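The next block holds one structure in the form of structure tokens; read it before the comments.
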Amino acid sequence: MSIKAFLFDLDGVIVDTAIYHYQAWKRLANELGFDISEAFNERLKGVSRMESLDLILEHGGLTLPDEKKVELAAQKNAWYLELVSRMTPEDILPGVASFFAQVRKAGLKTALGSVSKNAGTILDRIGMSEAFDAVIDGNKISKGKPDPEVFTKGAAELGFSPTECVVFEDAVAGVEAGKRGGMFVVGLGSPEILAQADLVAPSLEALTVEEVLAKAS
Ligand code: B16
Ligand code: MG
């Protein structure tokens, strides 16, 4: 089956918003009297806001009522949005522009597959709102990664089957989502962390579209 579309994660693939999520969650954990490390933060990548909060509270040994959890998640999101509001097109990760130019030239369709409810705001900030043929974000799905919903919906909205799509992901949960969705998955990051991916590269800058198509077909 030939490849017709590329499905991209946002955070860690197109822009590095993971650092802002980490800073905002760390601030929240510190206010609650404990800390989170960068290694722990790996487990939060690609995981929805409320599920991330549950993991953080478990890490700090806290059990809180739902009402309080909603309040804490809103506080984290306000801090996160404050950080994100300073983003510009200069925050687009190296290699993205050139890779997207190759994608267009090859006649491939594109979708964004992000569980973030703020994905639209971020695309606006970085000037990439028009770069995708379909945008699936946290407002369109009911299950976060590692559930495949965000990618299967992207493929469906473009009108292709999962085997006609390649997923680009930087997170363990996202790689698992793509594999469970039946797609060829390119992991961007460390091969030890992204062992489940079909192909691993440090970033989009290190890849060509031709190379990905040759391996995925
Ligand atoms: P929000 P992705 C994910 O985005 C992030 O990796 C994850 O850390 C975050 O908790 C999640 O979005 C929800 O984001 O709080 O903005 O709705 O990697 O799927 O692009
Ligand atoms: Mg990501």
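I need the strands (runs of 3 or more DSSP E) fully contained in the stretch 138-217, keeping only those with at least 3 residues that are out of contact with any Pro (no Cβ under 9 Å at 6 or more places or on another chain) and of a type in the set (D, E, K, R).
none
Return the total of residues in the stretch 196-217 being open to solvent by 20 Å² or more (accessible area, probe 1.4 Å) and more than 17 Å from V175 (Cα to Cα).
Here the count works out to 8.
Which of the following residues is more than 27 Å from E169 (Cβ to Cβ), modelled with pLDDT of 95 or more and not assigned by TED's automatic domain parsing to the domain that holds E149: F34, F40?
F34
Within the stretch 9-23, identify whether any single residue is under 30 Å from L204 (Cα atoms), in contact (Cβ under 8 Å) with a residue 24 or more places away in the chain and part of a strand (DSSP E or B), and answer yes or no. Spell out the reasoning first.
Keep residues of the stretch 9-23 that are under 30 Å from L204 (Cα atoms), which gives 9-23.
Add one more test, that the residue is in contact (Cβ under 8 Å) with a residue 24 or more places away in the chain, and what stays is 9-18, 20-21, 23.
Next cut, part of a strand (DSSP E or B) only: 11, 15.
Yes, some residue in the stretch 9-23 is under 30 Å from L204 (Cα atoms), in contact (Cβ under 8 Å) with a residue 24 or more places away in the chain and part of a strand (DSSP E or B).
Within the stretch 82-106, work out how many residues are open to solvent by less than 30 Å² (accessible area, probe 1.4 Å) and at negative phi. First the steps, then the outcome.
Going through the stretch 82-106, the residues open to solvent by less than 30 Å² (accessible area, probe 1.4 Å) turn out to be 84, 87, 95-96, 99-100, 103.
Adding the requirement that they be at negative phi leaves 84, 87, 96, 99-100, 103.
Of the residues in the stretch 82-106, 6 are open to solvent by less than 30 Å² (accessible area, probe 1.4 Å) and at negative phi.
Go through the stretch 17-41 and count every residue that is more than 10 Å from ligand 1 (Cβ to nearest atom) and either open to solvent by less than 40 Å² (accessible area, probe 1.4 Å) or within 14 Å of the chain's Cα centre (by Cα) (or both).
Residues meeting the conditions: 6.
The values are calculated or read from the model by the stated rules, or taken from the named source; none is laboratory data. Note that this is a predicted model, so its numbers are computed, not measured. As a convention, Cβ positions derive from the backbone with ideal geometry for all residues, glycine included, and neighbour counts pool all protein chains shown. Protein only, heavy atoms only, side chains kept; ligands, DNA and RNA dropped before computing areas. Shrake-Rupley method; radii C 1.70, N 1.55, O 1.52, S 1.80 Å.
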